[in-house]
């Protein structure tokens, strides 16, 4: 009996995918050749000739080998979630943070509004208007990127809102930590600072990012 | 007869395979036969064009291959559409429909649907 698996192995050689996976691929491709040869055989082609024809259906075995290796390794190094979520999220985070010193250097300064009137100390809101204006564009770009990479609506949303989510996480860690580490500052002041920071760096940026993200949050309608 | 460029075939292959597996799980050879059959032979995948595509889809988690016994009694690697693959179908269909609409506008290419 002809060993199709062996015929495939002879043409593909070692692929460096691990013995188990390689064996599976060789067996599967061997089965495909077998089916092809069977079909030709059913049409009256002699067994040996049928198998040769099946093998010849692949014109470039080294190219097939490269394609298989690429398919097996490319997606492994950058899996689906990385492409639709982590990469866009990281890029948005970097861009939103990098934009702050750039705007500052360009002479666009934030406006500060203290929580207690007439005081220049204590918790304050920060309104960085040029930065907030830029955020919808960043949000739109991120959602579009995630969508193009095949991300669903939750992926697009989380990737675009990544900066706000991370800042919220940081503030949620800082507040309890400050309660433990620094007991001299009154609790009301700390809570006030928390609220102003969340509004300035989480709530407003979230709204701005969402404005840009919104057009990309529609689910495509299934085709009838 | 006008053939289909391999690059176009490859791009459309993802949708063709996912749509087929949405109908029923199949092994590789069966997939290639069914694609040829259902497209009237216009779209054809051989061993070289089919398996890298299937492996790519499997790596993405859109399809899952399992060794199962075929009707012939032989063990074959059957591909099943995963939940993630099912989710991809609608956006892929939409994307291709959009593509055909755009082509129709610019080049008078009629939507196959």
MRE, 222 nm, helices only [DSSP H, n ≥ 4, -39500 (n - 2.57), over chain A, to nearest 500]
-21500 deg cm²/dmol
Mean-square fluctuation maximum in Gaussian network of chain A, Cα pairs under 10 Å, restricted to A:51, A:135, A:109, hits A:51
For chain A, with a Gaussian network of springs between Cα atoms less than 10 Å apart, report the residue from A:145, A:114, A:61 with the top mean-square fluctuation.
A:61
If I build a Gaussian network model for chain A, linking alpha-carbon pairs within less than 10 angstrom, which residue out of A:59, A:116, A:178 has the largest mean-square fluctuation?
A:59
Neighbouring partner chain Cβ atoms per residue of A:26-34, average, 10 Å criterion
5
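Using the eigenvalues of the Cα gyration tensor, what equivalent ellipsoid semi-axes result for region A:1-103 when each is taken as the square root of five times the eigenvalue, whole Å, largest first? Show your work: numbers first, answer last.
Working: eigenvalues 428, 36, 23 Å².
After scaling each eigenvalue by five and taking roots: 46, 13, 11 Å.
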From the C-alpha gyration tensor of the protein assembly as shown, square roots of 5λ in Å
56, 23, 16
Does anyone have the angle between helix A:162-181 and the longest principal axis of chain A? Alpha-carbon axes, 0 to 90°, nearest 10?
50 degrees
So how tilted is helix B:28-38 from the main axis of chain B? Cα-based, degrees 0 to 90, rounded to 10.
40 degrees
Shielding of B:58-66 by partner chains, average beta-carbon count, 10 Å:
3
Suppose each label sits 7 Å from its Cα in the direction of the beta carbon; what would the residue A:86-residue A:114 distance come out to in nanometres?
4.6 nm
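Taking the beta-carbon count within 10 Å as an exposure proxy, list B:82, A:142 from fewest neighbours to most.
Details: B:82 18, A:142 31.
In order of increasing Cβ crowding within 10 Å: B:82, A:142.
How big is the shadow of the Cα convex hull of region B:1-78, averaged over all directions, in nm²?
Values: hull surface 21.6 nm².
That works out to 5.4 nm², a quarter of the Cα hull's surface.
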Would you mind checking the tilt of helix B:47-59 against the longest principal axis of the Cα atoms of chain B, expressed as 0 to 90 degrees and rounded to 10?
80 degrees
Other protein chain Cβ atoms within 10 Å, averaged over every residue that makes up B:45-57
6
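The numbers here are math on the coordinates, done by the rules we state, and not lab data. As the structure is a prediction and not an experimental result, all values here were calculated from the model. Ideal geometry is used to build each Cβ from the backbone, glycine not excepted, and the neighbour counts take in all protein chains shown.
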